[in-house]
Structures are given as C-alpha cells and as structure tokens.
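Enquirer: Below: one structure in structure tokens.
The values are calculated or read from the model by the stated rules, or taken from the named source; none is laboratory data. Not measured: the values here are computed from a predicted model. Positions of Cβ are backbone-derived with ideal geometry, glycine not excepted, and every protein chain shown enters the neighbour counts.
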Amino acid sequence: MLTGTFADSAKVMAKGQITIPKDVREVLGVESGDRVTFIVESGSVRLVNSAVYAMQMLRLEMAGEAERAGLDSDEAVAALVKELRDGDAKP
C-alpha cells in the first residue's frame, strides 16, 4: 500500500445509509452535521469534505481572473480595494 493510504469499510443499511468510520471522518475533517460530497469517476467513488471541495472548485474557476483583470501585484489589488471603498462612501 501507499504511504498515508488505508482502507476501511462500512455496512450499507436498508435505506442506503452508512456510518463513516471514525478514522475516515478524521482524515476528511468532518463532524456531525457536516456535509460530504461523493465524486464518481470511471466506476470509482471518492468521498470528500463538501466545504473543502467547494473551495477547490472555486479556486479552479477563479484561476487567472486576477491577471485578466490586471491585478498583477499587491499594489494593484490595494488600489482596486481603495477605489471600490471610495466609491461605496460616495452618496
């Protein structure tokens, strides 16, 4: 097996429910009430923390947007923030 890789199992109940094993919940960083996402690819399923997955998807969608907007430095970002704040302050 690969380092950091392990297998665990859970029984599927009559209504399709499973209990995620504690060691898997710890790796995913999920607690009671949190949401998980099932990603199905080529006959395999990955279980991921929904909040982490959403942030990863947002990062992928936003990749390159700063450069396209001309925000290529900290100074450019600060200038845009100042411009937007100044615009909000005007009646």
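Enquirer: Whether any residue in region 54-65 is at pLDDT below 95, over 16 Å from the mean Cα position of the chain (by Cα) and loosely packed, with under 11 Cβ neighbours inside 10 Å is what I want to check. Working first, answer last.
Expert: First pass over region 54-65, keeping only residues at pLDDT below 95: 54-65.
If we keep only those that are over 16 Å from the mean Cα position of the chain (by Cα) too, we end up with 64-65.
Next, only the ones that are loosely packed, with under 11 Cβ neighbours inside 10 Å stay: 64-65.
For region 54-65, residues at pLDDT below 95, over 16 Å from the mean Cα position of the chain (by Cα) and loosely packed, with under 11 Cβ neighbours inside 10 Å: present.
Enquirer: Say we look at region 1-48 and pick out the residues that are assigned to a loop (DSSP other than H, G, I, E, B) and among the polar types (S, T, N, Q); which of these is modelled with the lowest pLDDT? Steps first, answer last, please.
Expert: Step one: filter region 1-48 for residues assigned to a loop (DSSP other than H, G, I, E, B), giving 1-21, 29-35, 42-43.
Checking the rest, the ones that are also among the polar types (S, T, N, Q) come to 3, 5, 9, 17, 19, 32, 42.
On the way: THR3: 63, THR5: 86, SER9: 92, GLN17: 95, THR19: 95, SER32: 95, SER42: 95.
Residue satisfying both the conditions and the ranking: THR3.
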